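Please read the structure below before turning to the comments.
The values are calculated or read from the model by the stated rules, or taken from the named source; none is laboratory data. In this text, all values refer to a predicted model and were calculated from it rather than measured experimentally. Heads up, the Cβs are rebuilt from the backbone with ideal geometry, glycines too, and the neighbour counts pull from every protein chain shown.
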Amino acid sequence: MANTGARLSAQLPRLVGLRPAGDGLPVRLSNRTYAGTRNTPMGELGFDQPLLWVVIGLLAWGLVMVYSASIALPDNPRFANYASTHFAVRHAIFIAIGLIAALATFQFPMKTWERMAPWLFAAALLLLVLVLLPFIGKGVNGARRWFSLGIISFQPSELAKLTVLLYAADYMVRKMEVKERFFAAVAPMAVALAVVGMLLLAEPDMGAFMVIVVIAMGILFLGGVNARMFFLIGLVVVAAFSAMVMMSEWRRERIFAYLDPWSEQYALGKGYQLSHSLIAFGRGEIFGVGLGGSVEKLHWLPEAHTDFLLAVVGEEFGLIGVLIVIGLFLWLIRRIMHIGRQAIALDQVFSGLVAQGVGLWIGFQAFINIGVNLGALPTKGLTLPLMSYGGSAILLELVGLAIVLRVDYENRMMMKGGRS
């Protein structure tokens, strides 16, 4: 084992084209150099086992919390025909389907994903168009975001997150030589995002569009787009989202309700979810009221098993439980970003950008959901990754994480002297 480590240390500078800095793994993306990332130990199974176990832990905890948060829903006339285990069983089925899809995804080398990226993006665009058609898409509460597939529904905006990620990484690899020129490097990607944005806002699904914009912009930045251009794009995006909020009365109402959810005007309207989410956290205090002891899930807090699952975690497990959830997500994102940097160090730029894109996706969506539940951000319909109820989200998140594990597997194969 010691001899293997010595050979690895000797080969890395030649593979990367840089002199090693201390004990860290040097990472280079074009003319930008990063140093100080630590080598990931290579296990016998050839992939990052701690990352896998954290994902499984979040899935298992999420399943328990979905059951706890939804157990009383059959008391509501809307769900009178459902069993108390209805949502938990469906969530378990979604997880099982997601794990099977993830296992299949892991079998495909990253070269295949790179080759298929434009086609997958085109397929996602087609689905976003089809879901808007009245005789194909399924409408719920004024939104048309789902395909009805018998016992389950599929949300194409979740697929769009993954395909935009793959397309943006492939795009940056193809545009690497012109990345310093704004129109040559950024304008085509901006047009693609504008098309996706128009389709998502027509559903409407502004939350998914926000996540997709952050993923694309993050990959552009990590891919080496000029920093001044990046911040200019950021200002344009912020201005665009601000204009969308100002031009939509119900979006403005959400902002005002977020600023004062306890006011007489909003307490029973737009601020209702937020106010009851805060009550749930308040009841939980430090150690919580115990698993199953939540009162807010008893028809006080709407969407307790989806968008506001963390509020139930806070009520039943207290501040300690919330901090554990946040800590697990921080560790998970840090690990994913490290795998991406390691791939770039091995000149696998597409693989590295894809892995880091998945980190941005999971991290930003978790940040928004946690912020919304805690009242730090305006209410937005985004689920907590890997934990909240939602078949399409769980499926695509597990597929994305399987791709990250594939990137890590190929990194280890290369460092062992094999081929990816």
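Some notes on this structure:
- Any hit, region 260-270, residues being closer than 21 Å to residue 210 by Cα, touching a helix residue (DSSP H, G or I) at 6+ places or on another chain (Cβ under 6 Å), part of a loop (DSSP other than H, G, I, E, B) and not hydrophobic (A, V, I, L, M, F, W, C): yes
- Residues of region 151-175 satisfying the condition of being over 16 Å from residue 393 (Cα atoms) and of a type in the set (Lys, Arg): 174, 175
- Hits in region 360-388 (condition: within 15 Å of residue 331 (Cα to Cα) and in contact with a Lys or Arg (Cβ under 8 Å, 6 or more places away or on another chain)): 361
- Qualifying residue in region 296-307 (condition: over 30 Å from residue 348 (Cα atoms), surrounded by 14 or more Cβ atoms within 10 Å (Cβ to Cβ), among the small types (Gly, Ala, Ser) and in contact with a Phe, Trp or Tyr (Cβ under 8 Å, 6 or more places away or on another chain)): no
- Matching residues, region 372-401, being closer than 28 Å to residue 52 by Cβ and not in a helix (DSSP H, G or I): 382, 383, 384, 385, 386, 387, 388, 389, 390
- Residue match in region 44-53 (condition: at pLDDT below 50 and not small (Gly, Ala, Ser)): yes
- Any hit, region 346-353, residues being in a helix (DSSP H, G or I), among the aromatic types (Phe, Trp, Tyr) and within 30 Å of residue 278 (Cβ to Cβ): no
- Some residue of region 73-90 being under 23 Å from the mean Cα position of the chain (by Cα), surrounded by 15 or more Cβ atoms within 10 Å (Cβ to Cβ) and under 24 Å from residue 361 (Cβ atoms): yes
- Residue in region 23-43 that is at pLDDT below 90, of a type in the set (D, E, K, R), over 30 Å from residue 292 (Cα atoms) and touching a His at 6+ places or on another chain (Cβ under 9 Å) present: yes
- Residues considered: 168, 194. Of these, the only one that is under 26 Å from residue 113 (Cβ atoms), exposed (fewer than 13 other Cβ atoms within 10 Å of the Cβ) and at pLDDT 80 or above is 194.
- Per-region count, region 281-318, residues in contact with a Gly (Cβ under 7 Å, 6 or more places away or on another chain), farther than 15 Å from residue 70 by Cα and either part of a helix (DSSP H, G or I) or of a type in the set (A, V, I, L, M, F, W, C) (or both): 7
- Considering region 197-245, the residues that are at pLDDT below 85 and aromatic (Phe, Trp, Tyr) include one that is farthest from residue 126 (Cα to Cα), namely 231.
- Which listed residue, of 62, 139, 57, is at pLDDT below 95 and either more than 21 Å from residue 212 (Cβ to Cβ) or loosely packed, with under 12 Cβ neighbours inside 10 Å (or both): 139
- Residue match in region 217-239 (condition: more than 30 Å from residue 358 (Cα to Cα), without any contact (Cβ under 8 Å) to a residue 40 or more places away in the chain and of a type in the set (Lys, Arg)): no
Okay, residues lined up against (1) polar (S, T, N, Q); (2) over 30 Å from residue 407 (Cβ atoms); (3) within 16 Å of the chain's Cα centre (by Cα):
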{"site": "302", "(1), (2), (3)": "no, yes, no"}
{"site": "308", "(1), (2), (3)": "no, yes, no"}
{"site": "318", "(1), (2), (3)": "no, yes, no"}
{"site": "322", "(1), (2), (3)": "no, yes, no"}
{"site": "333", "(1), (2), (3)": "no, no, yes"}
{"site": "339", "(1), (2), (3)": "no, no, no"}
{"site": "352", "(1), (2), (3)": "no, no, no"}
{"site": "365", "(1), (2), (3)": "yes, no, yes"}
{"site": "373", "(1), (2), (3)": "yes, yes, no"}
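- When residue 83 is tested against (1) aliphatic (A, V, I, L, M); (2) under 23 Å from residue 307 (Cβ atoms); (3) assigned to a helix (DSSP H, G or I), exactly one condition is not met: (3).
- Filtered residue count, region 351-379, keeping only those that are surrounded by 22 or more Cβ atoms within 10 Å (Cβ to Cβ) and of a type in the set (Phe, Trp, Tyr): 1
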